[in-house]
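Visitor: Sharing a structure here in structure tokens format.
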Amino acid sequence: MTKGRTLLALLLPLFALATACSPSGKQADEKIVDIAGIVSPKDGKNEFVGGIARIQEDGWLDAELAKKGWNARWVPVPASVGGPVVNEGFAARTIDMANYGDLPSVIAMAGGVDLRLVVPSRSSTNIYLAVGKDSTARTLRDLKGKRIALHRGRPWEAGFARYVQSQGLKLDDFKIINVNAVAGQAALTSGKVDAIVLIQAEAYVLQDKGLARILWSTANAPESWKMVAGTFARKEFLDAHPDIVQTVVTAFVRQAYWSSQEKNRDTVLSWGTLGGTPLAAVVKDTDNNPLPWRQRFSPLPSPAIQEHFDFVSDYAFRTGLTRKKVDVSKLIDRRYVDQATKDLKLEGWWTDPKN
């Protein structure tokens, strides 16, 4: 059994026990939509990241679901094991919806879970390749045959692979060390690996401390190269309860609208500091996004998002991450976002990328 599956084997029974024993544990006559989201440590406990925390604080979703006799139960998933744990929950039908990334969702679909992306995120997280502080590497080719820490199966893998492919190389040209970001950073700073693939502000934290140097990032790459996340729903649940999915989607669109207002920029940036990330590093990463602030939070699917998933599906199959190529042509279902923007009178707030 691999380390990853060993960790899952340990985590899932604990998660199931915690859910069953919680005050909100689902009873036979209860109507609950289980929504998974990534959590980050703060003051000794895990907290939901960014928009989900805002939705919880706002209270609108709880109030609207209560009118229908439903409740929302938020399923916390640590970032270090995000995708695999969410996929296990989807497969076991203990999760109905989830806010997570691209490659894990394609892996879930290849495993038989029919998903729909009901709220795409255009924020397009940047991916970084960092080398050790004493490295002489100046290009990706300089790392050929070297050790690169890369957490396999996570959303940033596909974006990095796209960069590798663009340079006429393939992952097999490197010694890929499959470890999570925390272990990978420790390995880089101790000289056990030569480079590491990271997302968001993590690379800047290392660079600002003088422990690494950023060699490449998706900052100037096409939008379709960047990591894509969003809110997914099991199609089985969606078909059975479209009104509940619509309510949840509307809550996420409300949150996106709130975040896209310039007056809330400082609060949104502070979300990136959960887990102790310095604000300066968060700002540096944020400045690498060419989209206007408002458009970064647009839930309207762009052609780049579909192109991105087309590549991810093909990449996952070619590299053996999935045993079959997933048809992602119907993955994005924008009906719920369109209805939400209409109900919230937000038509025209975001530029529709299809125009």
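The values are calculated or read from the model by the stated rules, or taken from the named source; none is laboratory data. Because the structure is predicted, anything quoted here is derived from the model rather than measured. Because the Cβ atoms are built from the backbone with ideal geometry, glycine has one as well, and the counts that use them run over all protein chains shown. Just so you know, the surface numbers come from the protein's heavy atoms only, side chains and all, with ligands and any DNA or RNA stripped out. Shrake-Rupley method; radii C 1.70, N 1.55, O 1.52, S 1.80 Å.
Visitor: In degrees between 0 and 90, to the nearest 10, how far off the longest principal axis of the chain does helix 242-259 point, with axes built from Cα atoms?
Guide: Relative to the chain, helix 242-259 is tipped by roughly 60 degrees.
Visitor: While we're looking at this one, here's another question. Mind checking region 29-124 for GluC sites (Glu not before Pro) that DSSP puts in a loop (not H, G, I, E or B) and that have at most 13 other Cβ atoms within 10 Å? Mind showing how you got there, number by number?
Guide: Numbers: sites: 30, 47, 57, 64, 88; in loops: 30.
When the GluC sites (Glu not before Pro) of region 29-124 are filtered for loop state and at most 13 Cβ neighbours within 10 Å, 30 remain.
Visitor: Also, quick follow-up: How much mean residue ellipticity at 222 nm does the chain get from its helices, if each DSSP H run of length 4 or more adds -39500 (n - 2.57) and you divide by all residues, to the nearest 500 deg cm²/dmol?
Guide: On the way: 14 runs with 146 residues, N = 355.
Result for the chain, helices only: -12000 deg cm²/dmol.
Visitor: So, one more: Could you list which residues have their amide H under 5 Å from that of residue 215, counting only those 5 or more apart in sequence or on another chain, with H placed in the peptide plane?
Guide: Excluding prolines and chain starts, which carry no amide H, the hits are 129, 130, 131.
Visitor: Can I ask one more? With the full set of protein chains in place, find how many percent of the accessible area of region 46-161 is carbon and sulfur; take the probe as 1.4 Å.
Guide: Numbers: 1920 of 4210 Å².
Here it works out to 46 percent.
Visitor: If you average the alpha carbon positions of region 167-223 and of region 287-355, how far apart do those two centres end up, in angstrom?
Guide: Region 167-223 and region 287-355 have Cα centres separated by 26 Å.
Visitor: About the Cα centre, and with charges only on the beta carbon of Lys, Arg (+1) and Asp, Glu (-1), how big is the dipole of the chain? Nearest 20 debye, please.
Guide: Dipole about the Cα centre, nearest 20: 880 debye.
Visitor: Can you sort 241, 308, 151 by 1.4 Å-probe accessible area, starting with the largest?
Guide: Result of the area sort, largest leading: 241, 151, 308.
Visitor: Using modelled backbone amide H atoms (1.01 Å from N, in-plane), which distant-in-sequence or interchain residues come within less than 5 Å of residue 115's amide H?
Guide: 235
Visitor: Choose one of 210, 282, 59: the residue whose Cα lies farthest towards the positive end of the charge dipole of the chain (beta-carbon charges +1 Lys, Arg; -1 Asp, Glu; about the Cα centre).
Guide: About the Cα centre, the residue reaching furthest to the positive side is 210.
Visitor: Then there's this: If I take every Cα pair under 8 Å that is 6 or more residues apart in the chain, average their sequence separation and divide by the length, what percent do I get for the relative contact order?
Guide: Once divided by the residue count of the chain, the mean separation gives 22 percent.
Visitor: Let me ask another. Which residue, 165, 80, 140, has the largest displacement toward the positive end of the dipole of region 63-189 when charges sit on each Cβ (Lys, Arg +1; Asp, Glu -1)?
Guide: 140
Visitor: Amide H of residue 32: which non-local residues (sequence gap of 5 or more, or other chain) have their own amide H closer than 5 Å, using H built in the peptide plane?
Guide: Excluding prolines and chain starts, which carry no amide H, the hits are 71.
Visitor: Another question, then. Given charges of +1 on the Cβ of Lys and Arg and -1 on the Cβ of Asp and Glu, with all other atoms neutral, how large is the dipole of region 208-355 about its Cα centre, in debye to the nearest 20? Write down the numbers at each step before the final one.
Guide: On the way: 21 positive and 18 negative charges, 53 e Å.
Dipole of region 208-355, to the nearest 20 debye: 260 debye.
Visitor: Leaving out ligands, DNA and RNA, and with a 1.4 Å probe, what % of the accessible surface on region 238-301 is carbon or sulfur? Could you put the intermediate results ahead of the total?
Guide: On the way: 1430 of 2700 Å².
Carbon-and-sulfur percentage of accessible area, whole number: 53.
Visitor: A further question on this structure: How big is the charge dipole of region 55-199 about its Cα centre, in debye rounded to the nearest 20, if each Lys and Arg gets +1 on its Cβ and each Asp and Glu gets -1 on its Cβ? Kindly include the intermediate steps, with their values, before the conclusion.
Guide: Details: 18 positive and 14 negative charges, 106 e Å.
Around 520 debye, computed over region 55-199.
Visitor: Provide the per-residue ³J(HN,Hα) series for region 45-56, in order, calculated from phi with Karplus coefficients 6.51, -1.76, 1.60 and θ = phi - 60°, each as a whole number of Hz, with x at glycine and proline positions.
Guide: For region 45-56, the Karplus curve yields 9, 8, 10, 5, 8, x, x, 5, 4, 5, 4, 5 Hz.
Visitor: In Å², what does the accessible area per residue of region 209-336 work out to with a 1.4 Å probe?
Guide: Value returned for region 209-336: 44 Å² of accessible area per residue.
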